[in-house]
Each structure stands twice: as structure tokens, then as C-alpha cells.
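The next block holds one structure in the form of C-alpha cells; read it before the comments.
Read-outs: derived from the displayed coordinates by stated rules, not from any lab. As the structure is a prediction and not an experimental result, all values here were calculated from the model. Cβ placement follows ideal geometry from the backbone for every residue including glycine, while neighbour counts extend to all protein chains displayed.
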Amino acid sequence: MGAMMLHPESREEVRQLLSQPPELNNLLDDMDIGAKRIALRDCALLASVDGDYDDSELTALRTIADSAGLSEKDLSNVLEWVSKSWIHTAKGRSLISLSIPGDENIQ
């Protein structure tokens with residue numbers, strides 16, 4: 001964490017949050033609709049990094065979508081957008097001959 005250049009007090013707070021994360025519903029209660037929708041988008045991207053969504057990730061994404069007033073179809077659209085984003089990004093790297101390991105598996 002030293003490389004992050006966090007103030008020592010902030011570092012301790014981050015450590016606590018990482019070791020004892022708050023309940024998702026408690027976090028959502030303190031967020032407005034826009035923040036929840038941005039969180040859904042960003043969480044969907046983060047959850048997709050390993051190439052798959054596990055059940056707990058999908059449950060959390062559904063919880064966020066529900067809290068943000070979004071339907072299952074809306075969530076499906078977000079997940080489809082994430083998939084297309086990975087494809088688009090891999091294509092961009094291939095255009096400049098700078099593919100990375102795993103790009104060949106993105107379809």
C-alpha cells in the first residue's frame with residue numbers, strides 16, 4: 001500500500017475496509033440512483049476481468065440493479081455492453097499489433 005501514497009490514517013481505513021468490507025445493502029442505502037447505476041457498470045466490468053461471472057458476483061450485480069431501479073433486461077444489457085467492450089478493446093490492440101495474452105480467447 002505504500003506505493004499508493006496514502007496518508008497513514010487513510011491506509012488504516014482502507015485496511016479495515018478490505019479486511020471487513022461493509023454490507024452491500026448498507027452501501028447502497030447511502031447512494032443516489034446515479035451513483036448506483038455507475039457502480040453497477042463499474043462492478044460489472046470488474047467482475048468480468050477473470051472471463052466469467054460467478055454466482056456471488058451475479059447476485060451482487062442483481063442487488064445493485066434492483067436498488068437502482070433497473071430491470072433484469074437492463075442488467076443483461078449492461079453485461080452485454082461489458083462483453084462488447086472487451087471485444088472492442090482487444091480489436092483495438094490488434095490494430096496496432098499490441099495484443100496481450102488472452103486476447104485470442106475474447107469473442
Task: Residue list for the range 41-72, restricted to those being more than 24 Å from Ile106 (Cβ to Cβ) and more than 14 Å from the chain's Cα centre (by Cα) - done: Asp66, Ser67, Ala68, Gly69, Leu70, Ser71, Glu72
Task: helices (runs of 4 or more DSSP H) completely within the range 31-107 that count 1 or more residues being among the polar types (S, T, N, Q) and free of Cβ contacts under 8 Å to residues at least 12 places away in the same chain - done: 55-67, 72-95
- [ ] Hey, can you tell me all the residues within the range 47-60 that are touching a helix residue (DSSP H, G or I) at 6+ places or on another chain (Cβ under 9 Å) and either farther than 21 Å from Glu72 by Cα or of a type outside the set (S, T, N, Q) (or both)?
- [x] Ala47, Gly51, Tyr53, Asp54, Glu57, Leu58, Ala60
- [ ] Please determine, by comparing only the residues of the range 72-107 that are touching a helix residue (DSSP H, G or I) at 6+ places or on another chain (Cβ under 8 Å) and more than 17 Å from Cys43 (Cβ to Cβ), which one is surrounded by the fewest Cβ atoms within 10 Å (Cβ to Cβ).
- [x] Gln107
